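**Q** Structure provided below as structure tokens; questions to follow.
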DNA sequence: GCCCTTCGTATTGTATACAAATATGGTTCG
DNA sequence: CGAACCATATTTGTATACAATACGAAGGGC
């Protein structure tokens with residue numbers, strides 16, 4: 001979408017993720033419009049998008065609130081993602097072409113380079129990781145599937161800023177990608193699906209652990 | 001959403017389904033606004049919704065066209081639906097409460113009544129069938145899942161107006177629902193999932209057959 | 001004292017006017 | 001004859017004004 005609409009979307013999302021707009025807080029279109037420096041029209045567009053991505057909830061009378069994400073919600077999202085992305089991997093194993101396979105290899109090599117240095121390059125890892133998964137979706141060749149996953153993948157971002165990435169986790173992820181490449185090379189749909197399902201599931205636990213660690217300080221404060 | 005927006009949505013969708021707006025035809029916001037008797041603002045909302053449901057495609061420069069649905073697209077949608085709705089059935093089997101189970105029984109009884117008469121009551125069947133599946137989604141208790149399925153389920157409607165319903169198909173569907181009720185009563189997640197997956201898959205073939213029959217006359221004309 | 005009604009205010013929905021962007025047609029130059 | 005370019009017209013994006021609706025507070029009835 002166009003400039004103002006995108007700006008509103010990104011800015012509101014950023015405010016939600018940064019905690020500037022805390023969970024459960026009410027959102028006024030006019031107020032958001034002012035704080036984004038655009039009119040209500042693009043803000044409304046942005047709210048619709050954010051609602052579709054479940055960052056925002058609307059009451060029956062169309063009032064918007066920042067959604068609050070329980071760990072169960074996150075698990076739900078990861079479960080669906082595992083199912084859909086597993087399916088995508090299976091489809092990709094059948095349909096991937098040599099160029100796409102090469103792309104995947106390149107991305108995973110870049111991932112390896114981002115990890116294997118004295119100080120891991122997390123943004124680089126995230127970027128190539130995203131590209132890796134996107135390429136698989138392209139190979140799967142289902143726009144519907146891509147569209148649904150696009151909405152799911154954005155979400156666990158919530159704690160990402162605060163998430164500290166264990167090198168061991170990154171390495172394991174990297175190796176799982178490599179295994180996926182083997183499955184693709186052999187056109188083994190079952191294998192590809194199994195690896196991907198496990199890959200996503202493990203990502204959930206990594207996230208859940210980080211989430212727990214992030215909550216602990218609060219629990220300590222409460223005592 | 002509100003009156004004008006809904007009206008635009010329903011009317012545009014109806015025009016697409018009826019073939020009034022054929023596949024591939026260009027959609028002008030202004031033109032649609034006029035034909036719906038509302039302004040462009042609610043039309044834009046409606047277009048966004050229809051785009052999310054893949055009734056409409058947009059070019060890179062934001063021009064809207066009526067999507068054309070190949071049978072492969074439909075199969076893709078049904079495949080995803082089978083996967084997601086199978087998952088929903090499994091969750092529902094674990095979490096369904098007695099009241100919801102009773103609702104399902106009532107709906108399926110109503111389905112049976114709609115079928116078992118001299119002339120089957122197809123609208124009645126469709127209505128209670130929809131309610132049956134919706135109740136299962138409620139029992140599954142995942143808004144995310146419900147939201148995704150809502151977008152998938154609307155779609156195969158395309159040929160529904162022209163679709164002639166074989167009593168045998170309706171009966172089989174009815175019986176499958178009954179079997180699903182048994183699986184729910186026993187809280188057998190695996191069974192529930194298997195039945196639902198098969199149920200949706202069969203629905204696809206019913207659809208595909210109808211689709212083929214609908215195309216045949218054209219093929220005959222071409223000769 | 002509590003609940004219900006009513007009115008004021010705040011917020012969202014819709015319409016319209018204007019700005020920006022994009023396609024289209026014709027014209028000119030190679 | 002074809003291709004590229006510019007001008008124009010069409011279409012979408014954005015802003016603003018107005019209408020409808022929902023929430024909340026105050027007042028009156030029970």
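**Q** Having 1 or more residues that are on the phi > 0 side of the Ramachandran plot and surrounded by fewer than 21 Cβ atoms within 10 Å (Cβ to Cβ) is the bar; report the helices (runs of 4 or more DSSP H) wholly within segment B:1-88 that clear it.
**A** Working: elements: B:3-17, B:29-36, B:40-52.
Qualifying helices (runs of 4 or more DSSP H): none found.
**Q** Does segment B:28-43 contain any residue that is touching a helix residue (DSSP H, G or I) at 6+ places or on another chain (Cβ under 9 Å) and touching a residue at least 60 places away in the same chain (Cβ under 8 Å)?
**A** So far as segment B:28-43 goes, no, none of its residues is touching a helix residue (DSSP H, G or I) at 6+ places or on another chain (Cβ under 9 Å) and touching a residue at least 60 places away in the same chain (Cβ under 8 Å).
**Q** Restricting attention to segment B:28-55, which residues are at the interface with chain A (Cβ under 9 Å from one of its Cβ atoms) and either under 16 Å from the mean Cα position of the chain (by Cα) or farther than 24 Å from residue A:44 by Cα (or both)?
**A** The initial filter retains those residues of segment B:28-55 that are at the interface with chain A (Cβ under 9 Å from one of its Cβ atoms), namely B:41, B:44-45, B:48-49, B:52, B:54.
Within segment B:28-55, B:49, B:52, B:54 meet the criteria.
**Q** Kindly indicate whether residue B:58 is free of Cβ contacts under 8 Å to residues at least 40 places away in the same chain, over 18 Å from residue B:150 (Cβ atoms), in contact with a strand residue (DSSP E or B) (Cβ under 8 Å, 6 or more places away or on another chain) and within 11 Å of chain A (Cβ to nearest Cβ).
**A** Working: free of Cβ contacts under 8 Å to residues at least 40 places away in the same chain: yes; over 18 Å from residue B:150 (Cβ atoms): yes; in contact with a strand residue (DSSP E or B) (Cβ under 8 Å, 6 or more places away or on another chain): yes; within 11 Å of chain A (Cβ to nearest Cβ): yes.
Against the criterion (free of Cβ contacts under 8 Å to residues at least 40 places away in the same chain, over 18 Å from residue B:150 (Cβ atoms), in contact with a strand residue (DSSP E or B) (Cβ under 8 Å, 6 or more places away or on another chain) and within 11 Å of chain A (Cβ to nearest Cβ)), residue B:58 qualifies.
**Q** Would you mind finding the one in B:114, B:77, B:88, B:67 that is away from every other protein chain (no Cβ under 12 Å) and either more than 16 Å from DNA strand C (Cβ to nearest atom) or in contact with a helix residue (DSSP H, G or I) (Cβ under 8 Å, 6 or more places away or on another chain) (or both)?
**A** Numbers: B:77 fails: away from every other protein chain (no Cβ under 12 Å); B:88 fails: away from every other protein chain (no Cβ under 12 Å); B:67 fails: away from every other protein chain (no Cβ under 12 Å).
When all the criteria are applied, what remains is B:114.
**Q** Looking at segment A:57-82, which of its residues are within 18 Å of residue B:48 (Cα to Cα) and more than 16 Å from DNA strand D (Cβ to nearest atom)?
**A** none
**Q** Looking at the structure I just gave you, is residue A:16 within 14 Å of DNA strand C (Cβ to nearest atom), within 20 Å of the chain's Cα centre (by Cα) and under 20 Å from residue A:77 (Cβ atoms)?
**A** no
**Q** So which residues in segment A:73-92 are more than 16 Å from the chain's Cα centre (by Cα) and more than 16 Å from residue A:199 (Cα to Cα)? Outline the logic, then answer.
**A** To start, the set of residues in segment A:73-92 that are more than 16 Å from the chain's Cα centre (by Cα) comprises A:87, A:89-92.
The answer is A:91, and nothing else.
**Q** Taking segment B:182-215 as the region of interest, how many residues are surrounded by fewer than 16 Cβ atoms within 10 Å (Cβ to Cβ) and outside any helix (DSSP H, G or I)?
**A** Selection size over segment B:182-215: 2.
**Q** Next question, about the same structure. Take the conditions within 30 Å of residue A:2 (Cα to Cα), touching a helix residue (DSSP H, G or I) at 6+ places or on another chain (Cβ under 8 Å), touching a residue at least 24 places away in the same chain (Cβ under 8 Å) and away from chain B (no Cβ under 14 Å) and apply them to residue A:93. Does it pass?
**A** Details: within 30 Å of residue A:2 (Cα to Cα): no; touching a helix residue (DSSP H, G or I) at 6+ places or on another chain (Cβ under 8 Å): yes; touching a residue at least 24 places away in the same chain (Cβ under 8 Å): yes; away from chain B (no Cβ under 14 Å): yes.
Here the answer is no, as residue A:93 does not meet what is asked.
Listed here are the residues, each with its yes/no results for (1) within 30 Å of residue A:69 (Cα to Cα); (2) surrounded by 16 or more Cβ atoms within 10 Å (Cβ to Cβ); (3) in contact (Cβ under 8 Å) with a residue 12 or more places away in the chain.
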site: B:111; (1), (2), (3): no, yes, yes
site: B:116; (1), (2), (3): no, no, no
site: B:124; (1), (2), (3): no, no, yes
site: B:153; (1), (2), (3): yes, yes, yes
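**Q** Another question, if that's okay. Enumerate the pairs (first residue in segment B:1-23 and within 13 Å of another protein chain (Cβ to nearest Cβ); second residue anywhere and away from DNA strand D (no atom under 15 Å from the Cβ)) with beta-carbon separation below 8 Å, excluding pairs fewer than 6 apart on the same chain, so at least 6 apart or on different chains.
**A** B:1/B:9
Since every read-out is calculated from the coordinates, none of them should be taken as a lab result. This structure is a prediction, so every number in the text was calculated from the model and none was measured. Don't worry about glycine lacking a Cβ; one is built from the backbone with ideal geometry, like all the others, and counts go over all protein chains shown.
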